[in-house]
Amino acid sequence: MTAVERALAAVRGLEVDHTSSANGLVMTTVEMMNAVGATYPEAHHNPQMMADMAAAPYEMCGVDGTTLPFDISLEAEVLGAELDWRKIDRPPIKVHTVTDPDDFTIPENIEELGRIPVVLEAIDILKNKYGDDLAILPTTVCPFTIAGHMASVDELFMWILADPDKVHTLVDKITDFVIDYQKLLKSYGADILFAIDPTSSGDLLSGDMYAEFVLPSIQKMRKGTGAPTILHICGNTKPMLEHIAVSGVEGFSFDKAVPVWHAKQKLGNVSTYGNLDVIELFPSGTPEDVYNATAEIIRQGINIAGSACDVPETTPLENIRAFVKACEETPVPSKNETIAYGKQLAAQTAAD
């Protein structure tokens, strides 16, 4: 199988020759950036440098998928938010511009706005160079998180409590923009959309709040785009799993707060992505540690092995190579084997 065939089969829960390592979170280290001559903030604005940096995990470690851009503020910037470029690697929102969602409008001709042309050209460069040998999973931010970027997270949650119609209005408008942007990514060669939604974490929202304020936008986004989609949410997402199971996305990416076996039991036909630790394992563990941890999540039934969040820039290349090696060498369990192992781990957890 090619990398693209493997990633598409994995996200759809189909048979693969080995576990996909198509990473939808940033896996670019300082060592990789130095090797390809990439620097911040230029890598955010130069399409060739963006493409070279995105390809580095494949070229240097064999990771068979990559993502771009490298920050989560692009959409908000296009919609009018001001970024703080003093933090050149991941510029945060400096000025939130929405005070009344009724007055908020989506700009036209987004293909020409902000850094969107840079991302589209970088995808085109990668597709022309690598074809199906490298799966492209561009990062795209979900409507609820963008709403927090535009109005501020504090204001967004005040509206949830005091004036929920404002949240619905803002999120619905942003969803239409996200659909248009995702369609552009797909048309330029994106294989799978990697849709991240950190503000909808279970650390911030209850399951009922997620169902009311987030789920409808994810369902609308998925139907409107028509492209295979992996949804990523940080933190404790156990309260969201039943809703994600009916969201329409093909895959769900989650961090180590949720065991793979537990997610498999709750997500139904939604495939799983993740959930290797990036706090200790990738930057500080040995290659053997990374290999064993990767093999373990494969045994639990992970469909696409990947990091729980962006990999720290200090991560040794040998650790990333060990991750790829485990994906290639660990036997893919059958569905029955996965179910049986999940029941075993659930029983052990209950006993503890």
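The values are calculated or read from the model by the stated rules, or taken from the named source; none is laboratory data. Keep in mind that this is a model prediction, so the values were computed, not measured. Neighbour counts run over all protein chains shown; Cβ positions are idealised from the backbone, glycine included. Only protein heavy atoms, including side chains, enter the accessible area calculation; ligands, DNA and RNA are left aside. Shrake-Rupley method; radii C 1.70, N 1.55, O 1.52, S 1.80 Å.
List of remarks:
- Rounded to the nearest 20 debye, dipole of the chain from Cβ charges on Lys, Arg, Asp, Glu: 840
- Percent accessible area from carbon and sulfur atoms, the chain, protein chains only, probe 1.4 Å: 50
- Rounded if a/c under 1.5, otherwise prolate or oblate - the stretch 85-227, Cα gyration tensor axes: prolate
- Gain in span if fully extended, residue 59 to residue 172, counting 0.36 nm per residue against the direct Cα distance: 36.7 nm
- Inter-site label distance for residue 318 and residue 111 at 7 Å from Cα along Cβ, in nm: 4.8
- Distance between the C-alpha centres of the stretch 186-243 and the stretch 326-352: 26 Å, rounded to the whole angstrom.
- Simple Cβ-charge dipole of the stretch 227-314, Lys/Arg +1 and Asp/Glu -1, about Cα centre, in debye nearest 20: 420
- Which of 261, 85, 159 is most accessible, then next, and so on - probe 1.4 Å: 85, 261, 159
- Cβ-Cβ distance of residue 329 and residue 212, R₀ of 41 Å, FRET efficiency by 1/(1 + (r/R0)^6): the value works out to about 0.40.
- Count Lys and Arg as plus one, Asp and Glu as minus one, and take only other residues whose Cβ is under 14 Å from that of residue 255; the net charge is then -3.
- 234, 61, ranked by accessible area, largest first (probe 1.4 Å): 234, 61
- Length added when fully stretched, residue 288-residue 219, from 0.36 nm per residue minus Cα-Cα: 20.8 nm
- Inter-label distance for residue 85 and residue 42, nm, one decimal - labels placed 7 Å from Cα along Cα-to-Cβ: 1.5
- Each helix, a run of at least 4 DSSP H residues, gives -39500 (n - 2.57); summed and divided by the residues of the chain, these come to -14500 deg cm²/dmol at 222 nm.
- Mean accessible surface per residue for the chain, computed with a 1.4 Å probe while every protein chain stays in place, in Å²: 40
- Taking 21 Å as the straight-line reach from the Cα of residue 335, the lysines in range (excluding those fewer than 8 positions away in the same chain) are 264, 266, 343.
- Take every Cα pair under 8 Å whose residues are at least 6 apart in sequence, average their separation, divide by the length of the stretch 104-232, and the relative contact order is 34 percent.
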